[in-house]
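After the structure tokens below, expect a handful of questions from me.
The values are calculated or read from the model by the stated rules, or taken from the named source; none is laboratory data. Since the model is a prediction, treat every value here as computed from it, not as a measurement. Here Cβ is always computed from backbone atoms with ideal geometry, including for glycine, and neighbour counts include all displayed protein chains. Accessible surface is based on the protein model in full, side chains and every heavy atom, while ligands, DNA and RNA are left aside. Shrake-Rupley method; radii C 1.70, N 1.55, O 1.52, S 1.80 Å.
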Amino acid sequence: MEFETRAIHDGQEPDSKTGAVIVPIYLTSTYQQEAIGQHKGYEYSRTGNPTRTALEESLASLEGGKYGLAFASGLSATTTVLNLLKSGDHIIAGDDLYGGTYRLLEKVVSNWGITTTYVDIDEITNFSSAIQANTKLIWIETPTNPLLKIIDIEFIANIAKQNNLILVVDNTFVSPYFQRPLELGADIVVHSTTKYLAGHSDIIGGAVVTSNEELYSQLKFYQNAIGAVPSPFDSWLVLRGIKTLAIRMREHEKNALYLAYFLEKHPKIEKIYYPGLPTHEHHQLAKSQMSGFGGMISLEIKGGFTEVEKFASRLKLFLLAESLGGVESLLCYPAKMTHGALPETERLKRGIKDNLLRLSVGIENPQDLKQDLENALVN
Ligand code: P1T
């Protein structure tokens, strides 16, 4: 079955007891056991909950994986995955990634005796040269947050396989509708379901998908042992969002392409980052690796912080807010918001300049969005 059909049906059979077409929200913390050691597959809702199971099956299906696990946030999904490592292990991460992931690696995971080397992803061979005897895992985002660089997943997967490393791909920025890293050789896919999967800016959630049974059983153990699970209601909201993922992604992309072409030519824009533009440095790779380019655009505005402030304050439809992937358009200033956790020198070294802005293009009318940007860019 095709993606759109799986998004609506997989994991979501009508309720066997009542025929309810929609998966019920099982608001229960616990389950009656028929006798000691005898139950219907559920014992306690941290360990398992039927609404969450439906979401986990749906996530696995969409990513083309065997096993899905849902979490209370993207970062708790990441934290759970990083528990696969032990003190003394080493991680290689792409240098352009969500500031919260960087903060987790630098301020939390480092305290466990685990070190991370960030490699400049503009030179892909940097990944092999960074491998040490204790390297266990490669962590990448693609497209990256916030510079929308594209990393060749298949290439990195081969490096990982040759060196017996786990490759994790954070697929948040384009969703499984446009990119499925497991099919390209990744071992684990991570999501902040807060974004496109849920799609309506109303929950915080995370996900992990893998086809590797051994990794799954460890991750399932950690999911329960650590306990960062989503509530049944949040699980249900993500499921509800997933049903329209395909049509939302198509609209996000259509609007983003339209605005990217407009912004690229605007005299007040110094530089634009959108993988769908033929001028994007990784456009060809983006075309071959993804079936679409997504709804995220980053741009550098001419002039200093005053111009940035003027632009942000004049926008009416693009709301100044963290996050992305909802139906409404958002504007983010990475230096102070999503990437505020990076020390200034690290931030500038990575190319996140003081005049960089990030747009999450929503599914409003494209002419209205263009008009909003045009109004904010007048002298
Ligand atoms: O916010 P949370 O659901 O915990 O997800 C963290 C996360 C993980 N991975 C990527 C690529 C992300 O972008 C995020 C969260 N990002 C934002 C809040 C943001 O505005 O970029």
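Checking Q284 against (1) open to solvent by less than 40 Å² (accessible area, probe 1.4 Å); (2) under 17 Å from K149 (Cα atoms); (3) assigned to a helix (DSSP H, G or I): exactly one of these is not met. Which one?
(1)
Within region 302-349, which residues are surrounded by 15 or more Cβ atoms within 10 Å (Cβ to Cβ), closer than 22 Å to P366 by Cα and polar (S, T, N, Q)?
S323, S329
Let me ask something additional. G276 fails exactly one of the following numbered conditions: (1) more than 17 Å from the chain's Cα centre (by Cα); (2) under 30 Å from T51 (Cα atoms). What is the number of that condition?
Failing condition for G276: (2).
With G205, G199 as the choices, which residue is in contact (Cβ under 8 Å) with a residue 40 or more places away in the chain, near the ligand (Cβ under 10 Å from one of its atoms), under 14 Å from the mean Cα position of the chain (by Cα) and farther than 22 Å from T115 by Cβ?
G205
All but one of (1) surrounded by 17 or more Cβ atoms within 10 Å (Cβ to Cβ); (2) of a type in the set (D, E); (3) more than 16 Å from the ligand (Cβ to nearest atom) hold for E63; state the number of the condition that does not hold.
(3)
Within region 258-267, take every residue that is assigned to a helix (DSSP H, G or I) and free of Cβ contacts under 8 Å to residues at least 40 places away in the same chain and give me the one that is surrounded by the fewest Cβ atoms within 10 Å (Cβ to Cβ).
Result: K265.
Can you tell me which of T101, T53, T117, T79 is open to solvent by 20 Å² or more (accessible area, probe 1.4 Å), in the same structural domain as S128 (by TED's automatic domain parsing) and within 16 Å of the ligand (Cβ to nearest atom)?
None of the other options fit; the residue is T79.
When you go through I204, I140 one by one, which is the residue that is touching a helix residue (DSSP H, G or I) at 6+ places or on another chain (Cβ under 7 Å) and in the same structural domain as Q223 (by TED's automatic domain parsing)?
I140
Mind listing whichever residues of region 62-79 are in contact with a strand residue (DSSP E or B) (Cβ under 8 Å, 6 or more places away or on another chain), under 17 Å from N212 (Cβ atoms) and of a type outside the set (A, V, I, L, M, F, W, C)?
E63, G65, K66, Y67, G68
Let me ask something else about it. Counting residues that are under 21 Å from G294 (Cα atoms), which helices (runs of 4 or more DSSP H) fully inside region 109-219 reach at least 3?
175-178
Something else now. Quick one: which of G241, G294, G303 is small (G, A, S), within 16 Å of the ligand (Cβ to nearest atom) and at positive phi?
G294
Could you grab the pairs with beta carbons closer than 8 Å, sequence gap of 6+ or different chains, first residue in region 72-100 and under 23 Å from D120 (Cα atoms) and in a loop (DSSP other than H, G, I, E, B), second one of a type in the set (D, E) and within 12 Å of the ligand (Cβ to nearest atom)?
Here the result reads D96/E141; L97/E141; L97/D170; Y98/E141; Y98/D170, each pair linking region 72-100 to a residue that is of a type in the set (D, E) and within 12 Å of the ligand (Cβ to nearest atom).
Next up: Go through (1) open to solvent by 20 Å² or more (accessible area, probe 1.4 Å); (2) farther than 19 Å from G64 by Cβ; (3) touching a residue at least 40 places away in the same chain (Cβ under 8 Å) one by one and return the number of the condition R180 breaks.
(2)
Also, I was wondering about something else. In this structure, does T210 turn out to be at pLDDT below 95, more than 16 Å from the ligand (Cβ to nearest atom) and assigned by TED's automatic domain parsing to the domain that holds A60?
Judged against the criteria, T210 is not a match.
Name the single residue, out of those in region 1-23 being touching a Lys or Arg at 6+ places or on another chain (Cβ under 9 Å) and in a loop (DSSP other than H, G, I, E, B), that is surrounded by the fewest Cβ atoms within 10 Å (Cβ to Cβ).
Top of the filtered list is I22.
Identify the single condition in (1) of a type outside the set (S, T, Y); (2) open to solvent by 10 Å² or more (accessible area, probe 1.4 Å); (3) not assigned by TED's automatic domain parsing to the domain that holds A72 that N255 does not satisfy, given that it satisfies every other one.
So N255 meets the others, but not (2).
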